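Participant: Can you read through this structure? Questions will come right after.
The numbers here are math on the coordinates, done by the rules we state, and not lab data. What you see is a predicted model; the values in this text were computed from it and never measured. Here Cβ is always computed from backbone atoms with ideal geometry, including for glycine, and neighbour counts include all displayed protein chains.
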Amino acid sequence: MALGNFLQKGEAFMVETDSGEKKKNIIVQLFEIREIGAILPLIILVIISSIINSSFYSLDNILNILRSTAYLFIPAVGMTFVLCASGIDLSVGSSMGLSGVMLGMLMVWFKVPVIPSVIITLIVGACAGAVNGLLITTLKFPPFIATLATYYSYRGLVMGVTKGGPISPMPESFNRFGLATILGIPNIVVFMVFLLIVGEFVLTKTKYGRYVLATGGNEESARLAGINTSKIVFANYVIVGFLSFVSGLFFSARFTSAQPSLGTGYELRIITACIIGGVSLFGGAGSMIGTFFGSLFMIVLENGMTMARISGYWKQAILGVIIVIAVIIDLIRKKELFAKK
Amino acid sequence: MVEKEVILEGRNITKTYGGVHALDGITLTLHKNEVLALLGDNGAGKSTMIKILSGAIQPTSGEIFVEGKKVVLSSTRDAKALGIETVFQHLALVDCLSIEKNIYLGKEITKKICGIEVLQNKAMKEGALKFLSEVGFTIPNPNRPVEELSGGQRHAVAISKCAFWTEKILILDEPTAALGVRETGKILNMIQELKKKGLSIILITHNIEHAFLVADRFFVLRAGQKVGEKLKEETTADEIVKMITGAIYV
C-alpha cells in the first residue's frame, strides 16, 4: 500500500518544487524586483534626457522635477493602499481641485485666518474620502462606480462654486509656506520624502499594512482570520482623500491661487504611476518605493520631452506602451505568462 | 471500549432545514488525543455536523460540551476561544502572502516602539517555521507567497494555520481532497504528528483507506442518522464501507 509506506517512513515533508529550486536566470531574478517596471525605464529615460539636453542635470531642473513628482506622489501613497486592497479611486484629481477651492473660499472670500482654513480643509479632505468609503463599504458600491460618481460630483462642486474662474490672491503668509525651503530643498519635497518613509513603514511593518494586503489578496480569508476588512477599506479611502487635499494645498500655496481645473487628469496619472511602480492590479502587492519611482518616471518623461521639444501629444502614446509593459511584467511575476504548466 | 477523557461532545444534535432532518439526534464524542474519522456518503450530514461543532451554524436542538462543560457556540470565534479550530475545504488562505504571514494573520506578533505597534516579521517567521518542522513539514523557500506552493503544501499550510493556534481540538474537512497520492501521504503523516503533539482531531473524509491509516475510531453517518461507531481494532474496511453504503443498517 503506497500510502502506508509513506507513513511508516515518517519522512519529513520535503516537497520537491518543479521550478522553484532550479537556479533562476538573471532575467527572471530581475523581474522579481517589484519596482523594476519603473526603475529600468527611468534609468533609460534619464540617460536619454541628459544626452539630449545638458541642463537636465541642473539643480533647478532636478528640484523642479522633484516638486512636480511630489504633487503626484502624495495622493499616490493613498492610492497605493487603495489598489493594494483591490480598490480604485477615480476621485483623487477632483479632490485636489476641491482642496484648492476650499482654501480659496475660506481665506479669500470668508477671510478666515490661514491655520484654521488649512485645518478645516484637511478635515473636509478626510470627509471627501469618507464619502467614497461609505459608498463602498456600507452601500456595497463597486469602487469604480462610487469614485466615478464622486469624481464628477467634486469637480462639479468646484466648477459650480467658482463658476470656472480662479480664486486669488491667497494671503501672503500662505504663499510664503508654499515657497519655503528647508536647507535649500522645497518643503513639499521634504514632506514627500517623509511620506515615502512613513508610507513604506505602514505598508510593511504595521498590522494596518498587512491587513490591507490581506484584504486585497483574499477578502473572505482575511475576514475569516478576524480582520475587519470594511474598516480597512474605509480607512484607505479616508487616507487617499486626505492626501489628495494635502497635495492640492501645497499646489495652491505655491501658485497663490485656487485653480478650479487643479488636479484634472491626475487620477489616471496617479493610477499609472502606481501600476508602473509595481502595485499589482490584482491587489495584495505593492510598495511605496515603487510608487515613488513610478511617479518620478511620469514626471521625468514629461520633463525630458519638454526639454527635447517633443510634442506633449506623444507622451500619451508612450505612457500607453509603458503601461502595457508594466502589466506584462506583473503577469510574468505572477507566472501567468510564459509559465511552464 | 477503554474509557478515555472526553474533550468534545455533541449530545443529541438535531439540525432541520424546513422539514428535512440533516441531522437527527446525533451524539458524537471526541476523546482526548485521538483521531476520529467522521465518515459518510454525500449528504450524510458530515459537513452539517462539523459546522455545528465549529460554531459556523447552530443546531436546531442539542447540546455541546467542551471538556465536560456545556457551551454555546454562536460563532466560529466562540469555538476558537474554546480551542476548536476548523480547516474548511476552501482553506481560507490569502494567496499573495507568505506562509508565516498566513499563519499569523489577524494574530500578528508586534512590539511597541515609541507607542507604535511594529510587526515582528522575523519572530513570526521563526515561530512558523519551527512549528512546521515539528509537524514534519520543511519547505525549501519559505518566502514565497502561498499561491506558488503545490496543492499539498497549501493544505499543509492551511492545517498549520489552525493547528498552530490550538492545543485542543482540530477539525479537518476533507484535508486530502483533490491531492495526489504522494501529497496525501504527507498530509496524513502530518495528522499523525499533530496527534503526537497532543491534539484531538476529527477528520472528515470520503476515503476509507486514508481513514484507516490515521484514525483511531470511526463514526459513520448516513442520511442524518448514526449508523455506527467502531474502534479501528474492532472493524474492517469492508464493514465500514457497508455501513456507509447502507448494506449494514444499525
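Participant: In a Gaussian network model over chain A where Cα atoms closer than 10 Å are linked, find which of A:Ile232, A:Ile119, A:Ile26 has the largest mean-square fluctuation.
Facilitator: Maximum fluctuation in the GNM of chain A, among the listed residues, is at A:Ile26.
Participant: Rank B:Val220, B:Gly55, B:Thr176 by how far each Cα sits towards the positive end of the charge dipole of the protein assembly as shown (+1 on Lys, Arg Cβ; -1 on Asp, Glu Cβ) and give me just the farthest.
Facilitator: Going by the charge dipole, the pick is B:Gly55.
Participant: Over the C-alpha atoms of the protein assembly as shown, what are the Rg and the largest Cα-to-Cα span, Dmax, in Å?
Facilitator: According to the Cα coordinates of the protein assembly as shown, Rg and Dmax are 29.6, 93 Å.
Participant: Next up: List the aspartates and glutamates whose alpha-carbon lies under 18 Å from that of B:Lys125, not counting same-chain residues fewer than 8 positions away?
Facilitator: B:Asp95, B:Glu100, B:Glu108, B:Glu117, B:Glu134, B:Glu147, B:Glu148
Participant: Using a simple charge model, +1 on the beta-carbon of Lys and Arg, -1 on the beta-carbon of Asp and Glu, nothing else, what dipole does region B:27-116 show about its Cα centre, in debye to the nearest 20?
Facilitator: The calculated dipole for region B:27-116 is roughly 340 debye.
Participant: Can you count the Lys pairs in region A:37-330 with C-alpha separation below 29 Å, eight or more apart or on different chains?
Facilitator: Counting lysine pairs in region A:37-330 gives 5.
Participant: Report the trypsin sites (Lys or Arg not before Pro) located in region A:173-265 that are in a DSSP loop and have at most 12 other Cβ atoms inside 10 Å of their Cβ, or state none.
Facilitator: Qualifying residues, ordered by number: none.
Participant: Please compute one quarter of the surface area of the Cα convex hull for region A:37-330 and express it in square nanometres.
Facilitator: 15.4 nm²
Participant: Looking only at other chains, what is the average number of their beta-carbon atoms within 10 angstrom of each beta-carbon in B:182-190?
Facilitator: 5
Participant: Where Rh is the Kirkwood radius over the Cα pairs of region B:29-79, the temperature 37 °C and the viscosity 0.692 mPa s, what D in µm²/s does Stokes-Einstein return?
Facilitator: Answer, rounded: 272 µm²/s.
Participant: Restricting everything to alpha-carbon atoms, can you work out Rg to Rh for chain B with a Kirkwood hydrodynamic radius?
Facilitator: Here Rg/Rh amounts to 0.99.
Participant: Order of B:169-175, B:144-150 by packing, highest average Cβ count within 10 Å first?
Facilitator: Descending mean neighbour count gives B:169-175, B:144-150.
Participant: Out of B:Val94, B:Val66, B:Val181, any idea which swings most in a Gaussian network model of chain B, alpha carbons joined below 10 Å?
Facilitator: B:Val181
Participant: Given a 10 angstrom Cα cut-off, can you work out which residue in A:Glu172, A:Glu200, A:Glu219 is the most mobile in a GNM of chain A?
Facilitator: Comparing A:Glu172, A:Glu200, A:Glu219 in a Gaussian network model of chain A, the most mobile one is A:Glu172.
Participant: A follow-up question, please. Over all directions, average the projected area of the Cα convex hull of region A:223-273 and note it in nm².
Facilitator: 4.8 nm²
Participant: Still on this structure, please answer the following. Once you wrap a convex hull around the alpha carbon atoms of region A:54-155, what is its projected area averaged over all directions, in nm²? All intermediate terms of the calculation are to be shown ahead of the outcome.
Facilitator: Values: hull surface 35.2 nm².
Spelled out: convex hull of the Cα atoms, projected over all directions, averaged, 8.8 nm².
Participant: Amide H neighbours of B:Phe137 under 5 Å, counting only residues 5+ apart in sequence or on other chains, H built in-plane at 1.01 Å?
Facilitator: Amide H neighbours of B:Phe137, under 5 Å, 5+ apart: A:Phe13.
Participant: With 10 angstrom as the radius, rank B:Asp24, A:Asp330 by how many other C-beta atoms surround their C-beta, starting from the fewest. Don't skip to the end; give the middle numbers.
Facilitator: Values: B:Asp24 16, A:Asp330 21.
Arranged by neighbour count, lowest to highest, B:Asp24, A:Asp330 become B:Asp24, A:Asp330.
Participant: Expressed as a whole number of Å, what is the distance separating the alpha-carbon centroids of region A:143-163 and region A:214-269?
Facilitator: 15 Å
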